[in-house]
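Data block below; observations after.
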Amino acid sequence: MDNVTGERLKVKRDSSWILDNIVTIIFVVFIVFGFIVSRGVSVNFFLNELTSRIFRNSFLVLSLIIPVLAGLGLNFGIVIGAMAGQIAIAIVRYFGLGGMSNLLLCFAIAFPFAALFGYFAGLLYNKTRGQEMIAGLIVGYFANGIYQFLFLFTVGKIIKVNPTHPMINPSGIGIRMTVDLVPVAEGGLKYALDNIAKIPFMWAVLIVAVSILALIIVKNLKSKNTKKDLMFFVNIALCILMIGISVFAIATNNSLMLVNEVPVVTALLIVALCVFNELIIKTKLGQDFRSVGQNQHIAEVQGINVDRTRIIATIMSTVLAAWGQIIFLQNMGTLNTYNAHTQIGMFSVASLLVGGASTSKANIKHAMIGTILFNAMFIMSPEIGQAMFGNALLGEYFRTFMVYGVIGLALGLYVWRQNKKLVNKLDE
Amino acid sequence: MTEIKENRNGFKDIVTKIGLPTLIIAAFWILTLVTAAFLDMSISTLLSDTIKRAGMNGILVLAMVPSIQSGTGPNFALPVGIVCGLLALVISIELGFVGIAWLLVSIALAIPIAVLAGYFYGKLLNAVKGSEMTIATYTGFSIVAFMCLIWLMVPFKNPKMGWFIGKGLRETIQLDSVGGAQLLNNFLEFKIGGVIIPTGLILVFLFFCLLMWLFTKSKTGLAITAGGMNPKFSIATGLDINKNRIIANIVSTVLAAIGIIVYSQSYGYAQLYNGPLMMAFSAVAAVLIGGATASRAKVSNVIIGVVLFQGLLTTALPVANEIFVGTDLSEIMRMVIQNGIILYALTQVKGGDK
Amino acid sequence: MSDNLLNIKNVSKEYYGNKVLKNINIELKKGEIHALIGENGAGKSTLMNILFGMPVIHSTGGFEGKIEIEDKEVNIKTPHEAMDYGIGMVHQEFMLIPGFTIAENIKLNREITNPNIVSKVFGKRYETLDYKKMNEDARKALDTLDMDIDEFTTVAGLPIGHMQFIEIAREIDKTGIKILVFDEPTAVLAESEAKNLLKAMKKLASTGIGIIFISHRLDEIIDVADKVTVLRDGEHVATKDIKDTSAIEIAQLMIGRKVSIDRSESAERKTTDETILSIKDLHVAMPGERVMGIDLEVKKGEILGIGGLAGQGKLGIANGLMGIYPAKGEIIFNGNKLELNNPKGSIKAGIGFVSEDRKGIGLLLEESIELNIAFTAMQINNEFLTDLGLLKLKNSGKIRKHALEMIKDLDIRCTSPSQKTGRLSGGNQQKVCVARALTQNPILLFVSEPTRGIDIGAKKLVLDLLLQLNQEYGMTVIMTSSELAELRSICDKIAIICEGKVEGILSPLASDAEFGLMMSGSSKLADERSGS
């Protein structure tokens, strides 16, 4: 990943910085503006909301990185991965299983489903080369139809179930609109992961800030490049500031210590996925992803099986999304059987784009920054609507507009600049 | 022996000529109709509904023709035109028009608004060549979300469309209140053997089909088609492809705007807010079912497609309800068919080279 | 036991009954540079496809004859097997990924990996890359070529000469490389870069690698090769030691006389002294056919031929003037300045164009013959229209009438004027293109590769048609073609384009050697000869 970022910086230096980061800038400005106008939002409320959302969504957003590397663009099709996750949860809950071990069972059950779905999606993407993103979006809608058929009809009609089971509709056919996942203490899945271990928020900030600082310094010592740019110092200063704030809060036990505790195991899983994404790039497979992503024709000529590589990337993304959805749902505590998956493709893609990613480049930094900014916008939007116009609904509509708009803007800008580059090349 | 062979060839020719998706959907529709007959349902009611729904969706589907012909692909940003139509429609109500005047003023207002919107939308598409479909989809989504803000904030005073409390417009506006419901449908309406023919609606749809057909035979229309079919040829012939793509998308947007007004009057309600969000997809599916591809479409594709698709949907709903009581199988079927056909069309798009 | 690395013995190849290679014999020794020369379509690329086991050979029925490597007969079925036998190719177009470092490119799909815990379970593809070893290997390969550029530099932005060397480095990094094929390696290089490359080739040869050097540049062949083999129309014309031959002889062998030119030299050719088109310093950015500074004068009423090898820029001239590819330069046409990059302007000024890319640019394959014929005149000159005020509708009656006339005049074989052009044969498609150009009433007609992909009978018809247009209507014709014979059969004079410039203008009756030398950019050598 160092390499990818390295390239990015080198190539981009000559183009306009603002245009590169326009989406990120818009979001930062919007959130800051939100804090200024809406005095009603307490820092603690904001941080509570934000942290729980970040832990819920990061895994899903991170599952988008591999397809971008492999040149498939943003995989709107992770919706089908989410469906696989929900199938697994439905099965596990039907048999009344719960607790940490059965959450692992969910992961295991989701795997073959997601792998199969991913395989089909990969085949489709190979047939719709160049239009993968719209195909991914539509395949989500298409699969949703089949998913509903499965959950509403086959359950009870073809698949024999106990008609009086609390998950099943009173008619004995189909699964209910909402399924309670039941807290772990009562033998369910709710917080099965989150509640294993928790630490105070400020301690978490301290740990994260220290590790990032350590990472930056170690990376810097390793690279031979002795010239340090401005961002390097800004990053270090930010880390030190965060360390300062958290140490102060812990020492004085001020109001920041009242922010909800954060789930350690979920955090560790997210970190593990980050590490996985980093490591996969350093393998032969990862190099093939990158080769295929940069130029399919050359990769093919050099003997890389392009189609297979793209399918593997899609399968990986789909499986990770399935697991991400399971993490998401154990935190939510209820399964919205027919709605929980429909939006996650778009929300995750929007998050990644807000972090500064594009159709052809995405890394962990983009995913994490994007998740934070996107969810902050989500929290602030109704507040701004309330504060500015006395109408929270307006804020909610605005939020939807931001989601669609950000995807449209980021994708559109990317294609536009790509086309312009092509024209310039011809002019040479 | 030879005869059989010839027959087979003949069959194959028919399949390639009409197109496999069209045949499958047609067969499926006939199957549901037969089932309906066996279930003792009123076929004439089903056919009446089919005709009505085909007529009301027709112009929206027709909007696909110019954009596909110009090479920008199916107009996934149909909501751009739709919100223009809706805007014109509510302005016309706000200005106090009722009845046929309301309809005419709505259309008259819709055209300039849609021309403007279509112009900028066409410019956008020219900037993002190669990814038109994806960008168009999100342009459509964004505009719908943006208009949600407008509907909520617009300072219109007419009580027929406001919330009972607070500012902004209602989610669904009853057109009864302005005497706008089924205006066209009722014009010269008659019955043949129990089947209701909404003459006015059908005439309007066919009128626009005729206009569109003439347009494809005009100098500009031919230039647009050539640009879509073979851009290199068009450049060599001295055509301004970008200009033609813009014209095509203006026409498409205007048709969408008029289409939603005709749709709303037949439906009896104008649906604001998220109503138009997914409308593009069913229109795209209809034209594809009619035998169009992502790069070629004719007026005949529109007529065949909208009748088959709407026919299947209207027939399948009661049939499915009869067989699977208390469920919404037809909505699921719509999702699978509609998106399945779009996916099929996407796999046929060229230019997916490595 | 000879010390031959490679023997190509009696190799022949047919594509669908069409013999494209006949009894080719080539021997390549260790450390030898063997040049391969021939016009387009002489069979060079087919021969290389056989050597590399390309799928196109085996899917069309394989080939006859034998290939031996180090005197052992081999059966190469895939490019991968060719690699295993130690055969490498330096491609004309670079197979480099710009975003990767030099080392990553050299090791593309041959990365060095180390096993890790995961890979032990899931397999080799999950092994970790060993960047250090990859960089070391890359360094070694670069050192062999005396390249002192850092192996961890990204390829994007490097000069073209460097990229060529990285391609070579990739080949010599492959273990056991014995035979290296260079396909027109100097075509994209500047002079000094080309010199470096030739030096590197000599150095590689001195280490024992056998090199096959495909080039059209005679001076380079004379400079570095030990032997030269000339192919013409799929036949093995000759193999000579360089010390026993000369550029002039090679050029002569390369052109030969394919068919007797039936040039009916008519006395009443009415060329004038009046210049109708004057081109000054024309540059055209047509990919693969770049024009880099052409000056040319065309007289009213003449048939000017433009010839040259593929990729030298001859096709770029017409495409540039018609505004299809970005162009700059000073053009005077019919007494007026012609604005470039404006296709509409060029057509309006009275220039017709029959493109070399018949199916890509020339026709709307899914539309009818009649519409294709009328299309340009309708769009540009507003002909064949009925004006309804708001809409201008096409006038089907007028179009049909005109199409029928054209079909008769040009003898287009079709079922009806409404037949789709995609269903016509190549020759008839070409006639439709000509008919469309004529419908515009042009003063000057560009015709590019008019006989490409048409059978022999139709070829003659098309050429006769051009001659007829010129003689009966006094139309000036500029015909661009890769087939020298057809240029020589109807043109008044022939401009030979080499490396984007006019190498010289010859009479159609000039000798083969003169044509050959000019096409390979060695007209200097010709001057020397005539001087001596």
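Please report, ordered by residue number, the strands (runs of 3 or more DSSP E) entirely within segment C:347-411 with at least 1 residues that are open to solvent by 50 Å² or more (accessible area, probe 1.4 Å) and at the interface with another protein chain (Cβ under 9 Å from one of its Cβ atoms).
Filter on segment C:347-411 gives C:392-394.
Here are some conditions: (1) among the polar types (S, T, N, Q); (2) surrounded by fewer than 17 Cβ atoms within 10 Å (Cβ to Cβ); (3) out of contact with any strand residue (DSSP E or B) (no Cβ under 9 Å at 6 or more places or on another chain). B:THR199 meets all but one. Which one does it not meet?
The failed condition is (3).
Name, by its number, the condition in (1) open to solvent by less than 30 Å² (accessible area, probe 1.4 Å); (2) touching a residue at least 12 places away in the same chain (Cβ under 8 Å) that does not hold for B:GLY340.
Result: B:GLY340 fails condition (2) only.
Of all residues in segment C:328-346, which are within 13 Å of chain B (Cβ to nearest Cβ) and either open to solvent by less than 10 Å² (accessible area, probe 1.4 Å) or charged (D, E, K, R) (or both)?
C:GLU339, C:LYS344, C:SER346
Of the residues that sit in segment B:279-318 and are over 25 Å from B:LEU329 (Cα atoms) and open to solvent by less than 30 Å² (accessible area, probe 1.4 Å), which one is farthest from the chain's Cα centre (by Cα)?
By that ranking, first place goes to B:ALA294.
Tally up the residues in segment A:390-413 that are in contact with a Pro (Cβ under 6 Å, 6 or more places away or on another chain) and open to solvent by 50 Å² or more (accessible area, probe 1.4 Å), please.
1
Go through segment B:141-168 residue by residue and tally those that are open to solvent by 80 Å² or more (accessible area, probe 1.4 Å), within 9 Å of another protein chain (Cβ to nearest Cβ) and not in a helix (DSSP H, G or I).
The number of residues fulfilling the criteria is 1.
Quick check on C:GLU370: is it farther than 17 Å from C:PRO442 by Cα, without any contact (Cβ under 8 Å) to a residue 60 or more places away in the chain and of a type outside the set (A, V, I, L, M)?
Taking the combined requirement at face value, the residue satisfies it.
For A:PHE149, which of the numbered conditions (1) within 14 Å of another protein chain (Cβ to nearest Cβ); (2) surrounded by fewer than 24 Cβ atoms within 10 Å (Cβ to Cβ); (3) in contact (Cβ under 8 Å) with a residue 24 or more places away in the chain fails to hold?
Single failed check for A:PHE149: (3).
Take the conditions open to solvent by 40 Å² or more (accessible area, probe 1.4 Å), more than 9 Å from chain B (Cβ to nearest Cβ) and either out of contact with any Ser or Thr (no Cβ under 8 Å at 6 or more places or on another chain) or over 21 Å from C:ARG452 (Cβ atoms) (or both) and apply them to C:SER425. Does it pass?
Yes; evaluated as a whole, the condition is true for this residue.
Do we find that C:LYS178 is open to solvent by less than 50 Å² (accessible area, probe 1.4 Å), touching a residue at least 60 places away in the same chain (Cβ under 8 Å) and more than 30 Å from A:PHE276 (Cα to Cα) in this structure?
Here the answer is no, as C:LYS178 does not meet what is asked.
Would you confirm whether any residue within segment C:1-8 is touching a Ser or Thr at 6+ places or on another chain (Cβ under 9 Å) and either part of a loop (DSSP other than H, G, I, E, B) or at pLDDT below 85 (or both)?
Within segment C:1-8 (the criterion being touching a Ser or Thr at 6+ places or on another chain (Cβ under 9 Å) and either part of a loop (DSSP other than H, G, I, E, B) or at pLDDT below 85 (or both)), the answer is no, since none of the residues qualifies.
Need at least 1 residues that are within 14 Å of chain C (Cβ to nearest Cβ) per element, so show me which helices (runs of 4 or more DSSP H) inside segment B:169-256 make the cut, counting only ones lying wholly within it.
B:199-216, B:219-229, B:231-236
Scan segment C:239-248 and tell me whether some residue there is within 19 Å of C:GLN92 (Cβ to Cβ), touching a strand residue (DSSP E or B) at 6+ places or on another chain (Cβ under 9 Å) and either assigned by TED's automatic domain parsing to the domain that holds C:LEU6 or in contact (Cβ under 8 Å) with a residue 40 or more places away in the chain (or both).
no
Could you list, in sequence order, the residues of segment B:279-334 that are under 25 Å from B:SER264 (Cα atoms), within 10 Å of chain A (Cβ to nearest Cβ) and aromatic (Phe, Trp, Tyr)?
Residue satisfying the conditions is B:PHE281 alone.
When segment C:206-245 is examined, which residues are found to be assigned to a loop (DSSP other than H, G, I, E, B) and open to solvent by less than 50 Å² (accessible area, probe 1.4 Å)?
C:GLY208, C:ILE209, C:SER215, C:HIS216, C:ARG217, C:ALA225, C:GLY234, C:THR245
How many residues, within segment A:255-304, are away from chain B (no Cβ under 14 Å), open to solvent by 50 Å² or more (accessible area, probe 1.4 Å) and more than 20 Å from the chain's Cα centre (by Cα)?
5
I need every pair where a residue in segment C:129-147 that is within 28 Å of A:LEU279 (Cα to Cα) has its Cβ under 6 Å from the Cβ of a residue that is of a type outside the set (Gly, Ala, Ser) and surrounded by fewer than 16 Cβ atoms within 10 Å (Cβ to Cβ), sequence separation at least 6 or different chains.
Pairs found: C:ASP130/C:ASN114.
Scan (1) under 16 Å from B:GLY180 (Cβ atoms); (2) out of contact with any Phe, Trp or Tyr (no Cβ under 8 Å at 6 or more places or on another chain); (3) hydroxyl-bearing (Ser, Thr, Tyr) for the single condition B:SER92 breaks and write down its number.
(2)
So which residues in segment C:138-173 are open to solvent by 30 Å² or more (accessible area, probe 1.4 Å) and either basic (Lys, Arg) or under 25 Å from the mean Cα position of the chain (by Cα) (or both), if there are any at all?
Scanning segment C:138-173 gives C:ARG139, C:LYS140, C:PRO159, C:ILE160, C:HIS162, C:MET163.
Within segment B:257-278, take every residue that is of a type in the set (Ser, Thr, Tyr) and either part of a helix (DSSP H, G or I) or open to solvent by 10 Å² or more (accessible area, probe 1.4 Å) (or both) and give me the one that is farthest from the other protein chains (Cβ to nearest Cβ).
B:SER266
When you go through C:THR60, C:THR113, C:THR78 one by one, which is the residue that is over 29 Å from C:THR186 (Cα atoms), within 14 Å of chain A (Cβ to nearest Cβ) and either in contact (Cβ under 8 Å) with a residue 12 or more places away in the chain or acidic (Asp, Glu) (or both)?
C:THR113
Mind telling me which of the residues C:LYS66, C:LYS13, C:LYS19, C:LYS44 ends up being modelled with pLDDT under 90 and over 23 Å from the mean Cα position of the chain (by Cα)?
C:LYS66
Out of segment C:419-476, which residues are within 23 Å of C:GLY323 (Cα to Cα), assigned to a helix (DSSP H, G or I) and charged (D, E, K, R)?
Correct list: C:LYS431, C:ARG436.
Return the residues of segment A:153-196 that are free of Cβ contacts under 8 Å to residues at least 60 places away in the same chain and either assigned to a strand (DSSP E or B) or buried (at least 16 other Cβ atoms within 10 Å of the Cβ) (or both); say none if nothing qualifies.
Matches in segment A:153-196: A:PHE153, A:VAL155, A:GLY156, A:ILE159, A:ILE168, A:ASN169, A:ILE173, A:GLY174.
Take the conditions part of a helix (DSSP H, G or I), modelled with pLDDT under 90 and of a type in the set (A, V, I, L, M, F, W, C) and apply them to C:LEU309. Does it pass?
Judged against the criteria, C:LEU309 is not a match.
The values are calculated or read from the model by the stated rules, or taken from the named source; none is laboratory data. Keep in mind that what you see is a predicted model, and the values were worked out from it rather than measured. Neighbour counts are summed over all protein chains in view; Cβ atoms, including those assigned to glycine, are modelled from backbone coordinates with ideal geometry. The protein model used for the area step is the full one, side chains on, heavy atoms only, and it has no ligands, DNA or RNA in it. Shrake-Rupley method; radii C 1.70, N 1.55, O 1.52, S 1.80 Å.
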